[in-house]
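The values are calculated or read from the model by the stated rules, or taken from the named source; none is laboratory data. The structure presented is a predicted model; accordingly, all values stated were derived computationally and were not measured. Quick reminder, even Gly has a Cβ in these numbers, built from the backbone with ideal geometry, and neighbours come from all protein chains shown.
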Amino acid sequence: MGELHDLTAIEQLAALRRGEISPVELVGHYLARIAEADDQLGAFTEVTADAALARAEQLSRSRPHGALWGLPFGDKDLVARAGVPTRYGSRLHRDLIPEVTAPQAAVLDEAGGISLGKTSTPEFGLTGYTETAIGPPARDPWNPRNGAGGSSGGAAVAVAAGLLPIAPASDGGGSIRIPAATVGVVGLKPSRGRVPFASGLDSPGGLAVAGPIARTVADAALLLDVQAGGRPHAYATRAPGSGPFLDAALAPAASARIGVTTVSPWDDAEEIRLDPDAARAVDVAAALLTDAGHGVDGFPWRPDGYPEMFTTLWRMSAARMALSDAQLELVEPITAWLARQGRALSGVQVLDALAAASAFEHATITAFAPFDAVLTPALALPARPIGWFDRTDAARNFSQQVRYAPYSSFVNVAGLPAIVLPVTVDASGHPVSVQLIGRPGGEAAIIALAAVLEQRAGRMPRPAIWHQHARLR
C-alpha cells in the first residue's frame, strides 16, 4: 500500500472502509508528519492532537458512515471551532476561543471528517500571501525561502507537503487558487451560491465562497460534494464515487469547446508581466486538451473598467470589519489601509461599484458563453520570496498582489467556478499551474476537463519534504 500519505484521499477512505487502516492510525500518521515538518512550513497555527485522536478513537468504535469517515482535514483559521483558538491571522484575536463551531467546520464533522487543527491565513484573509505579525509565514514546500500565497496558504502547504490529504478553504479574490497554484496542488473555487454555508451571497459583490484544496482533481471533487451537500446531508450515507462532482472527475469528459486567453482585467492599470513558464503551461494545457479531442481556440477579450471597481469592492469588504479606531492602530498596514479607504467611500461610490460589478459579471459571462471552459494562466509570476510584499506601503502591496495574481479576482466578481492544477514543471522541478474557468454552475464540466489534463500531464513530482518525512508512523 505504500506510505499512507502517498495514497489519494479517495484511496485512504477506501482503506478505512475496508478496515485496512483505522481512523486512529491515519490521524496518528498525519499528526506525526505535522510534528516533524510544520516548524519548517508554517502550515498550522494550532494543532489539536488530543481532540483529533479522541475523535478518531470514537469513530473507530463505529461502523463507517459519512463521505469523509475517518479522514483528517484542517480548519482554515478564519473558521470558528468551539474550544479551539481562532485568531483570524490577527494579534487582535490572539486569545480568542469560540464557543460555537461554524457551519463550515460542522459540515465536515457531520460527514465523518477529523479536524487536526487550524491552517494559517493572513490577517482576516485579506491578502494573497500568508505572512502575519503573530506567527511564522506559510512557506512553499518546494523552496521554503518563498511564500505559499494566500489567503488559504496554510491549507495549500499542508496538502502539498503531505500533512493533510484534503483541506477546506475559502476564496474571495483568489484565496484558494493562488496558494494552490503557488505550491502545485488542486484548488477549486465554486460558483457563487453553490456552497450553502459560504455562498458569497452575503458579501459585497458576492465575492467570498468556500471550496476545496486537494492533491488530485477527484479528491477536490469529493470534498466539494461534501461542502455543497447542504442540509439535510444527503451525501452522508453515500460511499465515495456517488457524488455528482466526483462522478464528473471519474467519467470521460464530453467533447468541449475551450477558449484560451492570457489577457487579465488589470492589464491597462498595472504592469502585468507573464512569466515564460506560466505562458508555456497554458500552451501545454491547450495542446493536451486538443490531443484529447476538445476544440481549443484563442478569443479576443478586453474587459474595461475593472481595476477601480474591484479595488472599491475590496475596500468595502474591509470596511465591514468591526474594528475601532484604536484597533486599526494595531492591525497590519494593509488591513488598516483597506478598512480606512473603505470607510471613506461615499454611498454613491458604493452603489456605482456594485452596479459596475453587476455589469462586469454580465459582460464576462456573455464573452465566455461560446465556451464550455476558458483556459488562462493561474498566476503571472512564480512563488514570491518571503518579505517580497511591502509590509509598510499598503498601496504598493496591493499593486504587488495584482501583479502576482491578475487572473484570480475577476472570477469572483463574475461568480464563476474555476479550478487550478499543475500541468508542467519549471527548470527547478517546481510544478506550474493553469486555470480553467467554467460557466455559471459549471463545476462538473471544468472538473471533468481538469481530470483530462491531470491524466495527460502525468504525475507531478513531490517536494523533497514529502519523501523526507515519509516514514514517521
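Overview of results
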quantity	calculated
Filter result for residue 340 (out of contact with any Phe, Trp or Tyr (no Cβ under 8 Å at 6 or more places or on another chain), at pLDDT below 95 and basic (Lys, Arg))	no
Test result for residue 203, over 20 Å from residue 113 (Cβ atoms) and surrounded by fewer than 24 Cβ atoms within 10 Å (Cβ to Cβ)	yes
Lone unmet requirement of (1) in a loop (DSSP other than H, G, I, E, B); (2) within 22 Å of residue 67 (Cα to Cα); (3) within 14 Å of the chain's Cα centre (by Cα) for residue 223	(1)
Check on residue 59, under 23 Å from the mean Cα position of the chain (by Cα) and surrounded by 20 or more Cβ atoms within 10 Å (Cβ to Cβ)	no
Residue 415 vs. criteria closer than 25 Å to residue 206 by Cβ and at pLDDT 95 or above	yes
Selection from the range 112-167 of residues that are of a type in the set (Phe, Trp, Tyr) and within 20 Å of residue 460 (Cα to Cα)	142
Odd one out for residue 130 among (1) surrounded by fewer than 24 Cβ atoms within 10 Å (Cβ to Cβ); (2) within 16 Å of the chain's Cα centre (by Cα); (3) not acidic (Asp, Glu)	(1)
All helices (runs of 4 or more DSSP H) inside the range 295-343 with 1 or more residues being basic (Lys, Arg) and within 24 Å of residue 410 (Cα to Cα)	306-319, 333-343
Selection from the range 16-33 of residues that are out of contact with any helix residue (DSSP H, G or I) (no Cβ under 8 Å at 6 or more places or on another chain) and among the aliphatic types (A, V, I, L, M)	32
Tabulated pairs, the range 447-461, first touching a residue at least 40 places away in the same chain (Cβ under 8 Å), second among the aliphatic types (A, V, I, L, M) and assigned to a loop (DSSP other than H, G, I, E, B), C-beta under 7 angstrom, 6+ apart or interchain	448/251; 448/253; 449/253; 449/256; 451/253; 452/253; 452/292; 456/292
Selection count, the range 68-126, where residues are basic (Lys, Arg) and touching a strand residue (DSSP E or B) at 6+ places or on another chain (Cβ under 8 Å)	4
Among the residues listed as 126, 96, 188, the single one being under 30 Å from residue 11 (Cβ atoms) and at pLDDT 95 or above	188
Among (1) buried (at least 19 other Cβ atoms within 10 Å of the Cβ); (2) in contact with a Phe, Trp or Tyr (Cβ under 8 Å, 6 or more places away or on another chain); (3) farther than 29 Å from residue 135 by Cβ, the one test that residue 310 misses	(3)
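To keep it simple, each residue is scored yes or no on (1) at pLDDT 95 or above; (2) under 20 Å from residue 203 (Cβ atoms).
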| residue | (1), (2) |
| --- | --- |
| 296 | yes, no |
| 300 | no, no |
| 307 | yes, yes |
| 310 | yes, yes |
| 314 | no, yes |
